Amino acid sequence: MNLLKNILLLGLLVLSQISFSQISDDVMLYRKDFKSISGKNTVSVTSYEKDGSHYVFAGGVGNIDVYSLDKEGILTPISNHELYMKKGPARGMVADRINGTDFLFVANKHGNVIETFKILNNGSLERVALVEDNDKTYLGTAITLQVVHMKKASYLFIGGLEETPGLSSFKIHNDGKLTHVQSMKDDETVHTDGIIGMYVHNIKGKTYLYTGGFQDNGVSSFRVYEDGTFKNINNISDNNTDRYLTGAYPVTGATIAENKYVIVGHRHHKYYKRGGFIKKTNFVYHGDGVSVFKVNKKGALVPHFVLKDDETTKLQGQTRIEIISTNNAEAILAVGTRDDASIQLLKLNKEGILTPINYLETGFSIYYGLRYHKIEDNNFLIAGSFRFDLGKIASYKIAPKINREGKVLRHIVNLKYKEDATDAQIDTAVKVFLDLKNEIPEIAHIEWGVNDSTEGASKGFTHTFTITFNSEHDREIYLFHKAHLKLVNEVGPIIGDVFVMDYWTKNN
């Protein structure tokens, strides 16, 4: 009986892997929701499951917004919380459970502090600890946090940028307070100047930490010991042949079968305009790419593969890489880009070769705010933008691609104006709406009309605008375009109500 049960379980496992493999080459992103933020922008996004409820934390300049996330991908605002000295942005954020208590750790970039918040039962936050930078640590302009769980304790690793670059380790206590363990100052050997990404692999009972160095254009590996101390293992610098690390930015990893990989993206220094911000100005632009490193038995990094950006991919200015799923055959990754303003889906096979799947142009640049989260069988990405004019956070579902061949998207906007709106104001509103066609080239066609129905079922709506898009990308670009947001702000005061519907139809 047990043998039969095991055979059935094995069959189900194989079937699930085959089914996943069949759709992994043709999955796509579909936006499910977007909500306003209370702060100025969204720089960082993380998420957490607590007692069966799912929460999203969006950190920007001055504060953190908290949302619930349901299995349909709908975001519901819960609370917002002020950062220390109203500084920030909340660049690095990581949520984790420490001996039965749930915490959110936040790197307050320009506050030069690490803040610990307790995650309460409804997802809201309560600050319980604060660590300021000093001469022994490298917390100034802190950007990235990584929790490392050892057998008897957990540690928070912290990476910074600019004035005081280096890597630090702090012991996490049961009450969320942090005690300094070790700091390693950046030098010409290690790549810890601007740690914007970190990842942990465990190899035969040993723990290894991997960092990217944004300013010194490379990646480093470290052995982490049971007491939270660490030592450098090896370091890989940028070149223009088998790795693309100029401005090393996001760092993540995957284990596929017996192989362990570290995946590193970069936002090339050519994309930065601020004078004096880039320390090593003699870099050469050799394009954009995602670098894959294989991890050997000693935890060291070995250059392995580069997926180079081309006309079929959206990899310019990578700022975040999220692992969506892994099995014994492959891993699916999502790459958020600032300069391509897109989310690119990639597949990493067990041989360590990356191939592109699909991408979605989000309509806004992703700075650092991209997070994968799973609820039951639903896979989501939550994204935000550092744009101060946007003020939104969006959720996307990852699902099999829908065939849109030969179809166009109709976006129907019905408006009801306030009773005190003048004819002149309404005429101006119509003109501004129609002018969007000149501002947003992704609009294929736009037409409008005044309601002429005599059925009495118009609910007071008087004006209808029909916009045609040729793809999902075009709708996203329109939705978050500066011209569209400007229209909403200008016309909003005279709008009594709005009713929007979208549908796909054959392109006649």
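Read-outs throughout are calculated quantities, based only on the coordinates presented, and are distinct from any laboratory measurement. Not measured: the values here are computed from a predicted model. Glycine gets a Cβ as well: all are built from the backbone with ideal geometry, and neighbour counts include every protein chain shown.
Here are a few things to note about the model shown:
- Along the axis of the charge dipole computed for segment 407-506 (Cβ charges of +1 for Lys and Arg, -1 for Asp and Glu, origin at the Cα centre), the listed residues Trp448, Val491, Trp504 are led at the positive end by Trp504.
- Straight-line cross-link reach from Lys109 at under 17 Å between alpha-carbon atoms covers these lysines, not counting any fewer than eight positions away in the same chain: Lys40, Lys86, Lys87.
- Spin-label model distance (nm) - Lys486 vs Asn282, 7 Å beyond Cα toward Cβ: 4.4
- Links that overshoot a 28 Å alpha carbon limit, given the list Lys71/Lys401; Lys50/Lys486; Lys171/Lys206; Lys231/Lys273; Lys231/Lys279: Lys50/Lys486; Lys231/Lys273
- The chain: calculated mean residue ellipticity at 222 nm from DSSP helix runs of at least 4, using -39500 (n - 2.57): -3500 deg cm²/dmol
- At R0 = 56 Å, FRET efficiency that the Cβ-Cβ distance of Ile203 and Glu405 yields, to 0.05: 0.75
- Distances between placed amide hydrogens fall under 5 Å for Ile256 paired with Tyr261, all partners being 5 or more residues away or on another chain.
- FRET efficiency, Ala457 to Asp175 (Cβ-Cβ, R0 45 Å, nearest 0.05): 0.15
- Under the combined filter of DSSP loop state and at most 10 neighbouring Cβ atoms within 10 Å, segment 158-248 retains these GluC sites (Glu not before Pro): Glu163, Glu188.
- Percent RCO, i.e. relative contact order, over segment 436-508, from Cα pairs under 8 Å lying at least 6 residues apart: 30
- When peptides 263-275, 280-292, 430-442, 190-202 are sorted by average Cβ neighbour count within 10 Å, with the highest value leading, the order is 190-202, 263-275, 280-292, 430-442.
- Within the shell of other residues whose beta carbon sits under 13 angstrom from the beta carbon of Lys151, the net charge comes to 0, with Lys and Arg scored +1 and Asp and Glu -1.
- Estimated inter-spin distance, Asp420 and Tyr272, nm [label 7 Å along Cα→Cβ]: 5.1
- For segment 369-422, the relative contact order comes to 23 percent (Cα pairs under 8 Å, sequence separation of at least 6).
- Cα-only radius of gyration and Dmax that characterise the chain, units Å: 24.3, 80
- Interchain or long-range residues, amide H under 5 Å from Leu139's placed H: Asn134
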